[in-house]
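Trainee: Mind having a look at this structure? Questions to follow.
Just so you know, all these numbers are worked out from the coordinates, no wet-lab data involved. Remember, predicted model here, so these are calculated numbers, not experimental data. Note: ideal-geometry Cβ built from the backbone for every residue, glycine included; neighbour counts use all protein chains shown.
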Amino acid sequence: MSERLLVFVRHPEIGRVKTRLAREVGKRRALFVYKSLLRSTLVLARVQAAMGRSVEVWVAPGRRLQAFQSRWGQGLSCLAQTAGDLGSRLRVAFDRSLKQGICRTVVIGSDCPDLTGDHLKDAFHALRKFPAVLGPAADGGYYLLGLSQPIPEILTRISWGTERVLETTLTRLRQKGMRWRLLETLHDVDRKEDLYETIQVVGQGGGE
């Protein structure tokens, strides 16, 4: 199998997901939003798996892997995220794909409700010509990263969660003389205003 989709998620627990959003709308509503986003992302992942693409769901914290697998990950290959910052955890997942002979690997999170199968199709296609593909997020980060070869420099010493993530990543690629492809810019859901710009969540929240 030459293509793999990695999905980085957190086990949904109140107070431990969407913490920036929770400060504005409350922990219960933030959990409700996160579960909605997670469901949509896993539907997308299952479609990719049904198409014959390798799919791995990487779960944090690792100690909650079994609980996540039984409640959310039926039919999917779920693995525990390792310790360290996001960059080091991504490097472990990308390195694993490379060692297993995967030619094109794309990683997504569960924060982008506008992400579709067409974006994934474009990303994998781009990796046939470019060593890297990125999906820019409107907040200055990215909702998707794809690699066809190891580039550890773009995952090291990054100020994750800031508006400079994408800019820093592109600078590192430029310094290495590498070409890349950018997809269209989409919105992540991290703040209260993002709810109305994207999925227009209404009501007072709640959920399971």
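Trainee: Could you tell me which helices of the chain pass both thresholds, a Cα extent of 18 Å or more along their own axis and a mean Kyte-Doolittle hydropathy of at least 0.5, with helices taken as whole DSSP H runs?
Mentor: none
Trainee: Next up: Reported to two decimal places, what Rg/Rh ratio describes the chain when computed on Cα atoms with Rh from the Kirkwood expression?
Mentor: 0.94
Trainee: Within the chain, how many Lys pairs sit with Cα atoms under 20 Å apart, leaving out pairs fewer than 8 places apart on the same chain?
Mentor: Taking the Cα cut-off of 20 Å, the pair count is 8.
Trainee: Okay, next question. What's the magnitude of the charge dipole for region 3-197 around its Cα centre, counting Lys and Arg as +1 and Asp and Glu as -1 at the beta-carbon? Answer in Debye, nearest 20.
Mentor: About 620 debye.
Trainee: Hey, another quick one. Just the number, please: Stokes-Einstein D of region 1-78 in µm²/s, Kirkwood Rh from C-alpha pairs, 37 °C, 0.692 mPa s.
Mentor: 250 µm²/s
Trainee: Taking a ≥ b ≥ c as the square roots of the Cα gyration tensor eigenvalues, with a/c under 1.5 meaning rounded and otherwise prolate when a/b beats b/c, else oblate, which class fits region 33-135?
Mentor: Oblate.
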